[in-house]
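Working notes, beginning with the structure itself.
The values are calculated or read from the model by the stated rules, or taken from the named source; none is laboratory data. Since the model is a prediction, treat every value here as computed from it, not as a measurement. Please note: Cβ atoms are built from the backbone with ideal geometry, for glycine as well, and neighbour counts cover all protein chains shown. Note: accessible area is taken over every heavy atom of the protein model, side chains too, but ligands, DNA and RNA are not part of it. Shrake-Rupley method; radii C 1.70, N 1.55, O 1.52, S 1.80 Å.
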Amino acid sequence: MRQGSIARNTTETSISVSLDLDGGGRYAVDTGIGFLDHMLEQLSRHSLIDLEVKAKGDLHIDAHHTTEDVGIAIGQAVSQALGERKGIRRYGSAYVPMDEALTRVALDLSNRPYLIWKVAFGRDKLGTMDTELFKEWFQAFAQAAGATLHVECLYGDNDHHIVESCFKALARALRDAVEIDPRKADAVPSTKGTLGGTL
């Protein structure tokens, strides 16, 4: 069972995350930020990762702490569920169109976190959420999951479509990367022999 469960509590947020990498894309998400909930539901559905997220944060200040900490907790749960990362395909990539927007995501579950973010927005907010926070979520997720993550919106006009294509592309890339490769299910996919610790 490749499952992860994280409870993260600080003076700014209280977050619980549980997930199953081998699920069917079932979700129950409540972060207090409507647009973020919508994106995490897309992430679950299109990655086929079952995902439960419950978050309470200092939204009376703004959505920054909640958004970032949810990204950290989900990333930690993914890393926990991967364990030694034995047998995984490790790499995943996807091009996802959302009407006029097209986003490319490339992902390596190398345990060497890095984010390349080439996404531009024309508006400051989507719903009540600042668009600058989407990069913060992806950065937090990549760091905590131990993922090298490249996200690039190749083109698009509608900011909702741009963000949604980013999350859906991550979902599809993640779905491929976490999948067990039946040809090498007993081996860590690295010539180092490990994808754990500091490499």
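Tabulated data
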item: Close pairs from the range 154-179: first among the β-branched types (Val, Ile, Thr), partner not in a helix (DSSP H, G or I), Cβ under 6 Å, at least 6 apart; result: Ile162/Ala101; Ile162/Cys153; Ile162/Gly156; Val178/Leu21; Val178/Ile88
item: Residue among Val96, Val29 that is open to solvent by less than 30 Å² (accessible area, probe 1.4 Å), aliphatic (A, V, I, L, M), farther than 16 Å from Ala173 by Cα and not in a helix (DSSP H, G or I); result: Val29
item: Whichever residue in the range 121-149 is without any contact (Cβ under 8 Å) to a residue 40 or more places away in the chain and outside any helix (DSSP H, G or I) and, among such residues, is least open to solvent (accessible area, probe 1.4 Å); result: Thr131
item: Residues of the range 1-26 satisfying the condition of being at pLDDT 95 or above, part of a loop (DSSP other than H, G, I, E, B) and open to solvent by 20 Å² or more (accessible area, probe 1.4 Å); result: Arg2, Thr10, Thr11, Glu12, Asp22, Gly23, Gly24, Arg26
item: Subset of the range 53-69 (residues that are without any contact (Cβ under 8 Å) to a residue 40 or more places away in the chain and either in contact with a helix residue (DSSP H, G or I) (Cβ under 9 Å, 6 or more places away or on another chain) or surrounded by 24 or more Cβ atoms within 10 Å (Cβ to Cβ) (or both)); result: Val53, Leu59
item: Unmet requirement for Leu115, which otherwise passes all of (1) without any contact (Cβ under 8 Å) to a residue 24 or more places away in the chain; (2) open to solvent by less than 40 Å² (accessible area, probe 1.4 Å); (3) not small (Gly, Ala, Ser); result: (1)
item: Among (1) touching a helix residue (DSSP H, G or I) at 6+ places or on another chain (Cβ under 9 Å); (2) open to solvent by 20 Å² or more (accessible area, probe 1.4 Å), the one test that Ala101 misses; result: (2)
